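So the structure is just underneath, and the comments pick up after that.
The values are calculated or read from the model by the stated rules, or taken from the named source; none is laboratory data. Owing to the predicted nature of the structure, the values given are computational and were not obtained by experimental measurement. Cβ placement follows ideal geometry from the backbone for every residue including glycine, while neighbour counts extend to all protein chains displayed. When the accessible area is computed, the model is the full protein with side chains, heavy atoms only, and any ligands, DNA or RNA have been set aside. Shrake-Rupley method; radii C 1.70, N 1.55, O 1.52, S 1.80 Å.
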Amino acid sequence: MTCSQLPRGWKTCSEPGREMTITLQRIQRFPIKGLSAEQLTRVMLTPGLGVPGDRMFGFARHGSGFDPSNPKPLPKDRFVVLLNQAALAGLKTLFDPETQRLEIDHSEGSNAFDLTDDAERDRAGAWLSRYLCLQDASDPNFVSAAPHRFTDVSVVSPQLMHAVSILNLNSVSDLAARLGRDIDPARFRANLEIAGLPAGWELENIGATLSFGEVRLRLIKRTQRCAATEVNPVTAKRDLKLPYLLRKEFGHMDVGVYAEVLTGGTLKTGQQLTIVD
């Protein structure tokens, strides 16, 4: 990566001109696919793997075809996800991967489930089915099959199953300004949120390597957005047809990128980023 590849006035080297300061603003993982984010202040990354504990569990819908003894990547709509169930955004969930205790806060109160117990898993699936008004022949089934991850792009390749998702906050701000609407970055459910990069830079630089101290990530794919981003994470209502508006404004539906961990180590919020190449 050279200085000339950045917009005028932005520099990552020591030449005269304004220095570009890029920082890691937020780290998060989604222990259960479709449910709430867990905010982290630091995380240890391993080469070739995603954020530890990210999307390692899910609620598979009736007829999903998921077999924990022989896990295969499946389309996202085989699971309980925002793509089809906007009301999920109205739940605030807390999940402990060690004890597998799931707590759900919602408009009518709260519920807790011990997902190590068969009866409790059935009870959790039945509760979700009622809350979401699912019309399936049977309730969702809580599933896992580590090291399998329920990432949206797991169907593309094993490499992408274990990718880290990155969101450029300036790209979100630019999109909001163009549309004349506030856009909560939470709509995009990214692992890492970065401030300081020029808007759109990440989409045009697939193949670039980002360094957070000892940690190096290589951008490998743009993130194409689906109807899940239409859901307001605060109101749990579909209020913005983002995929349509993205295509209308930019000619594509991409916000954010996926990255592969090249060199592992500890990431911390507030850490500065440099562009290696």
(message) Can you give the FRET efficiency to the nearest 0.05 for ASN70 and VAL276, using r as the Cβ-Cβ distance and R₀ = 30 Å?
(response) 0.20
(request) Arrange the peptides 57-67, 173-183 so that the one whose residues have, on average, the most other Cβ atoms within 10 Å appears first. (result) 57-67, 173-183
(request) State, as an integer percentage, the relative contact order of the range 17-82 based on alpha-carbon contacts under 8 Å between residues 6 or more apart. (result) 29
(request) Any chance you could list the semi-axes, whole Å, largest first, of the equivalent ellipsoid that the Cα gyration tensor gives for the range 190-277, using √(5λ)? (result) 27, 16, 11
(request) Could I have the simple spin-label model distance between GLU204 and GLU249, label points 7 Å from Cα toward Cβ, reported in nm to one decimal? (result) 1.7
(message) To make sure I understand the rule: partners must be lysines, Cα under 23 Å from the Cα of LYS248, and not fewer than 8 residues away in the same chain. Which ones qualify?
(response) LYS221, LYS237
(request) Place +1 on the Cβ of every Lys and Arg and -1 on the Cβ of every Asp and Glu in the chain, take the dipole about the Cα centre, and give the residue among THR269, ASN141, LEU167 whose Cα lies farthest towards its positive end. (result) LEU167
(request) Convert each backbone phi in the range 138-146 into a coupling constant with the Karplus relation 6.51 cos²θ - 1.76 cosθ + 1.60 (shift: θ = phi - 60°), then list the ³J(HN,Hα) values in order as whole Hz, x for Gly and Pro. (result) 9, 6, x, 10, 6, 9, 7, 6, 3
(request) Take the eigenvalues of the Cα gyration tensor for the chain, scale each by 5, and report the square roots as semi-axes in whole Å, largest first. (result) 34, 21, 16
(request) Largest first and in whole Å, give the semi-axes of the range 130-228's equivalent ellipsoid, each being the square root of 5 times a Cα gyration tensor eigenvalue. (result) 29, 21, 11
(message) Given the whole protein assembly as supplied and a 1.4 Å probe, what does the accessible area of LEU88 come to in Å², nearest 10?
(response) 10
(request) May I ask you to give the percent of accessible area on the chain that is carbon plus sulfur, with a probe radius of 1.4 Å? (result) 47
(message) Taking θ = phi - 60°, what integer Hz values does the Karplus form 6.51 cos²θ - 1.76 cosθ + 1.60 yield along the range 31-45, in sequence order, with x for Gly and Pro?
(response) x, 10, 3, x, 9, 5, 6, 10, 7, 10, 9, 7, 7, 9, 9
(message) 7 Å from Cα along Cα→Cβ at both ALA87 and ASP105: what's the point-to-point distance in nm?
(response) 2.0
(message) If each DSSP helix of 4+ residues adds -39,500 (n - 2.57) and the sum is divided by the residues in the chain, what number results at 222 nm, nearest 500 deg cm²/dmol?
(response) -4000 deg cm²/dmol
(request) Just subtract the alpha-carbon distance of ALA227 and THR46 from 0.36 nm times their residue separation and send over the number in nm, one decimal. (result) 62.0 nm
(message) In the chain, once you exclude exposed GluC sites (Glu not before Pro) (DSSP loop, at most 10 other Cβ within 10 angstrom), what's the longest stretch remaining?
(response) 109-277
(request) Pop out the ³J(HN,Hα) list for the range 108-114 in order, Karplus 6.51 cos²θ - 1.76 cosθ + 1.60 with θ = phi - 60°, rounded to Hz; leave Gly and Pro as x. (result) 9, x, 8, 9, 9, 9, 9
(request) Mind checking the range 204-239 for trypsin sites (Lys or Arg not before Pro) that DSSP puts in a loop (not H, G, I, E or B) and that have at most 13 other Cβ atoms within 10 Å? (result) LYS237
(request) Find how much the distance from ARG130 to SER157 grows on full extension, using 0.36 nm per residue of separation minus their present alpha carbon separation; answer in nm with one decimal. (result) 6.3 nm
(request) Send over a whole-number figure in Å² for the accessible area per residue of the chain, probe 1.4 Å. (result) 47
(message) With viscosity set to 1.002 mPa s at 20 °C, what whole-number translational diffusion coefficient in µm²/s follows for the range 73-203 from Stokes-Einstein and a Kirkwood radius over Cα pairs?
(response) 124
(message) Just want to confirm a number: the relative contact order over the chain, from Cα pairs under 8 angstrom separated by 6+ residues, in percent.
(response) 25
(message) Once you keep just the Cα pairs under 8 angstrom separated by 6 or more residues, what percentage relative contact order results for the range 160-277?
(response) 33
